[in-house]
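Worksheet for the structure shown next.
The values are calculated or read from the model by the stated rules, or taken from the named source; none is laboratory data. All figures in this text were calculated on a predicted structure; none of them were measured in a lab. Glycine gets a Cβ as well: all are built from the backbone with ideal geometry, and neighbour counts include every protein chain shown.
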Amino acid sequence: MQQEKGDTHYRIDNLDKSILMALMDNARTPYAELAKRFGVSPGTIHVRVEKMKQAGIIEGTRVQVNAKKLGYDVCCFIGIILKSARDYPRALAQLEALEEVVEAYYTTGHYNIFIKVMTRSIDELQRVLIHRLQPIEEIQSTETLISLQQPIDRDVTP
């Protein structure tokens, strides 16, 4: 598997995959602990992680937040049909300004854009749809799908 970032090429091996899986499980695992687990030096772990960062394989670390614990009880997906394909940049800029939009995808098929929206209630979702999403002039129509649960949530396997 070859990854690119600029002109940097880096092919990951089994040690890199093991490091990635361990860091995906807990990004705060000390390099010394990883080194012990994989039978290499902490310096080797550091070098491998830095090379994967430079190659764009590792893009950073982040805290994963439980949206439900913060009161965001409604998750929905909205398929958006634009009036014209050339409206994409303007529509995307306006969608990006909506804090309730947590993910957006430019897609093929029936919808031009597919977004994930998180709100605290159905009433709040209704306000977002009526007062924030539908007024975007570049949008021709939308279809909203409310998520009842998320039984699978995982990253790709390296």
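Of the residues making up segment 4-19, those that are buried (at least 16 other Cβ atoms within 10 Å of the Cβ) and modelled with pLDDT under 95 are Y10, I12.
For E137, state whether it is surrounded by 16 or more Cβ atoms within 10 Å (Cβ to Cβ), not in a strand (DSSP E or B) and not assigned by TED's automatic domain parsing to the domain that holds A22.
Numbers: surrounded by 16 or more Cβ atoms within 10 Å (Cβ to Cβ): no; not in a strand (DSSP E or B): yes; not assigned by TED's automatic domain parsing to the domain that holds A22: yes.
For E137, the condition - surrounded by 16 or more Cβ atoms within 10 Å (Cβ to Cβ), not in a strand (DSSP E or B) and not assigned by TED's automatic domain parsing to the domain that holds A22 - is not met.
Here is the figure for segment 121-158: residues that are under 22 Å from the mean Cα position of the chain (by Cα) and free of Cβ contacts under 8 Å to residues at least 12 places away in the same chain total 7.
Can you tell me which residues in segment 97-140 are of a type in the set (D, E) and closer than 15 Å to F77 by Cα? Listed by number, the residues that qualify are E99, E100, E103, E124.
The criterion of at least 2 residues that are within 22 Å of the chain's Cα centre (by Cα) is met, among helices (runs of 4 or more DSSP H) falling completely within segment 29-120, by 42-54, 88-96. Residue pairs whose Cβ atoms lie under 7 Å apart, sitting 6 or more positions apart in sequence or on different chains, and linking a residue in segment 33-56 that is at pLDDT 95 or above to a partner that is of a type in the set (S, T, N, Q) and part of a helix (DSSP H, G or I), are A35/T44; F38/S18.
Candidates in segment 98-140 are the residues that are in contact with a strand residue (DSSP E or B) (Cβ under 8 Å, 6 or more places away or on another chain) and of a type in the set (S, T, Y); of these, the one that is nearest to I81 (Cα to Cα) is Y111. Scanning segment 55-77 for residues that are closer than 26 Å to A22 by Cα and touching a strand residue (DSSP E or B) at 6+ places or on another chain (Cβ under 8 Å) turns up A55, G56, I57, A67. Contact annotation: residue pairs with Cβ atoms under 9 Å, 6 or more positions apart or on different chains, pairing a residue in segment 101-119 that is surrounded by 11 or more Cβ atoms within 10 Å (Cβ to Cβ) with a partner that is at pLDDT below 95 and not hydroxyl-bearing (S, T, Y), are V102/A67; N112/A85; M118/A67.
Can you tell me which residues in segment 63-84 are within 21 Å of Y105 (Cβ to Cβ), surrounded by 10 or more Cβ atoms within 10 Å (Cβ to Cβ) and of a type outside the set (V, I, T)? Hits for segment 63-84 are A67, Y72, C75, C76, F77, G79, L82, K83, S84. Checking each residue in segment 31-45 for being loosely packed, with under 14 Cβ neighbours inside 10 Å and more than 24 Å from R154 (Cβ to Cβ) picks out A32, K36, G39, S41, G43.
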